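Working notes, structure below.
The values are calculated or read from the model by the stated rules, or taken from the named source; none is laboratory data. Source: prediction; values computed, not measured. Using ideal geometry, Cβ is built from the backbone for each residue, glycine included, and neighbour counts are taken over all protein chains shown. Accessible surface areas use protein heavy atoms only, side chains included; no ligands, DNA or RNA. Shrake-Rupley method; radii C 1.70, N 1.55, O 1.52, S 1.80 Å.
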Amino acid sequence: MHLTIVAGARPNFVKIAPIIKAIKSAQSSRPVDFSLVHTGQHYSHNMSASFFEDLNIPAPTINLGVGPGSQAEQTAKIMVEFEKYLLSHPSDCVLVVGDVNSTMACAIVAKKLGVKVVHVEGGLRSRDLTMPEEINRMVTDAITDYFFTTSIEAGEILKSEGVLDDNIFFVGNTMIDSLIGSLDKLKRPSFDLPEEYFLLTLHRPSNVDEEKSLHKLLSRLDGLMVNEKIVFPIHPRTESNLSDLSAFENIIFTPPLPYLEFLYLVKGAMGVITDSGGIQEETTYLKVPCMTLRNNTERPETISIGSNVLIAQDMSLLETSLEQIRNGKWKESDIPPKWDGKAGERIIALLAELL
Ligand code: UD1
């Protein structure tokens with residue numbers, strides 16, 4: 001069995017690491033091999049190489065080097081380059097993870113070349129078609145052969161869309177595998193870390209692409225701090241829309257952080273304010289309060305079971321939430337089923353039978 005594993009953007013790297021680790025440990029007993037295609041969607045050291053180092057991911061077989069571009073440009077470049085690669089390096093199956101442009105682009109190429117497509121993290125839906133990721137999820141799932149899911153709900157969604165039960169496998173969450181495997185390696189970042197802080201991440205186009213509203217949001221957050229600071233590792237997309245970082249008294253800006261430093265901050269934060277998908281899951285596992293600045297989530301179990309609350313644009317709800325955290329009154333939460341560090345192993349054991 002030969003798998004071609006695709007990764008392009010920061011969250012992908014976190015999701016593939018346990019799958020590669022599981023392949024390596026299966027190699028002594030099963031004829032399984034892989035190649036790793038990095039599309040180059042993310043390319044800066046802190047957005048890419050540092051994740052390979054922190055998560056012990058082997059160097060990619062090839063880097064397609066596509067870099068930035070509009071949605072169509074980036075998707076098209078990935079498709080053109082990946083098609084060339086796959087034609088000259090035939091494979092039994094292409095495995096894609098998550099919902100970024102690289103995920104959808106490579107799934108389309110593989111399916112059109114008659115190669116089986118496996119989607120790790122299939123079946124998530126925000127029902128918000130203004131998000132490029134939602135389109136990526138729907139298109140990828142429409143042509144996927146085997147679905148590995150992180151929740152029971154995701155499987156139900158796939159079935160409601162006509163996917164056969166036999167092709168859906170609830171395996172758990174590879175992002176949580178990586179988290180569990182890293183807990184004893186977390187690194188304190190080198191900047192002066194305040195005793196009490198909230199951690200902020202923002203990169204969704206709807207929150208960051210318009211400078212005026214981004215500035216307004218950060219000013220509101222800045223003003224809501226009492227004795228705490230906000231630590232904000234700033235995504236390049238967000239930074240490019242902020243001209244004056246000194247305007248916010250209580251916000252400490254840092255460059256995007258390596259994985260082990262970022263998780264150190266999540267674990268030690270009073271709470272996390274975010275518009276990310278994966279961070280809703282990581283905070284749920286760590287039982288750290290999470291306030292999500294989005295109208296919807298494709299990860300509802302982080303709300304029904306986990307430590308996440310949807311804040312959307314409601315600043316008075318955010319204010320109440322911060323107060324609850326300060327008073328130790330955040331909701332009780334739990335860890336969703338099968339988020340136990342074994343998803344990668346389950347995926348490889350199942351693929352060995354399926355292929
Ligand atoms: C992408 C994913 C998003 C994911 C996020 C994680 C899509 C549609 N979006 O969004 O789902 O949550 O990654 O970060 O696939 N840039 C750099 N260095 C890099 C990467 C990007 O400077 O290594 C800059 C470029 O100017 C680029 C911009 O950031 O134009 C945005 O990058 P892009 O990959 O287009 O989307 P993200 O916002 O990172």
Just SER219, SER151, SER333 to compare: in a GNM of the chain, with alpha carbon springs under 10 Å, which one fluctuates most? SER219
Residues SER44 and GLU195, FRET efficiency given R0 of 30 Å [Cβ-Cβ distance, rounded to 0.05]: 0.50
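Which of rounded, prolate, oblate describes the stretch 282-343, given a ≥ b ≥ c as roots of the alpha-carbon gyration tensor eigenvalues and a/c under 1.5 marking rounded, otherwise prolate only if a/b is larger than b/c?
Values: a/c = 3.01, a/b = 1.55, b/c = 1.94.
Verdict is oblate for the stretch 282-343.
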Along the Cα-to-Cβ line of LYS112, 7 Å from the Cα, sits a label point; which residues in the stretch 54-93 have backbone N less than 16 Å from it? 72-88
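Accessible area, 1.4 Å probe, largest first: how do VAL139, VAL171 sort? Before the final figure, lay out the partial values.
Details: VAL139 50, VAL171 5 Å².
If we order VAL139, VAL171 from most to least accessible, we get VAL139, VAL171.
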Would you mind checking the tilt of helix 315-326 against the longest principal axis of the Cα atoms of the chain, expressed as 0 to 90 degrees and rounded to 10? 90
Mind scanning LYS24/LYS342; LYS84/LYS111; LYS77/LYS112; LYS21/LYS342; LYS116/LYS338 and naming the pairs with a C-alpha gap bigger than 20 Å? LYS116/LYS338
Whenever you get a sec, line up GLU261, GLU249 from highest to lowest accessible area (probe 1.4 Å, protein heavy atoms). GLU249, GLU261
Got a number for the accessible area of ASP128? Probe 1.4 Å, square angstrom, nearest 10. 30
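What is the stretch 75-188 by shape, rounded, prolate or oblate, if you read a ≥ b ≥ c off the alpha carbon gyration tensor as root eigenvalues and call it rounded for a/c under 1.5, prolate for a/b larger than b/c, and oblate otherwise? Mind showing how you got there, number by number?
Working: a/c = 1.55, a/b = 1.18, b/c = 1.31.
Oblate.
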For the SER213, LEU350 Cβ pair and Förster radius 45 Å, calculated FRET efficiency rounded to 0.05 is 0.50
Counting only protein heavy atoms, what percent of the accessible surface of the chain is carbon or sulfur at a 1.4 Å probe? 52
Assuming a ≥ b ≥ c are the square roots of the Cα gyration tensor eigenvalues, decide whether the stretch 167-217 counts as rounded (a/c under 1.5), prolate (otherwise, with a/b larger than b/c) or oblate. oblate
Over the chain, with neighbouring protein chains present, the accessible area per residue in Å² at probe 1.4 Å is 41
Gap separating the Cα centres of the stretch 278-355 and the stretch 32-92, nearest whole Å: 28
Can you give the accessible area of PHE169 in Å² (nearest 10), computed on protein heavy atoms with a 1.4 Å probe? 40
Could you compute how much accessible surface PHE191 exposes when probed at 1.4 Å, giving the result in Å² to the nearest 10? 50
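Would you kindly calculate the mean projected area, averaged across all directions, of the convex hull enclosing the Cα atoms of the chain, in square nanometres? Each step should come with its number before you reach the end.
Numbers: hull surface 67.0 nm².
Value for the chain: 16.8 nm².
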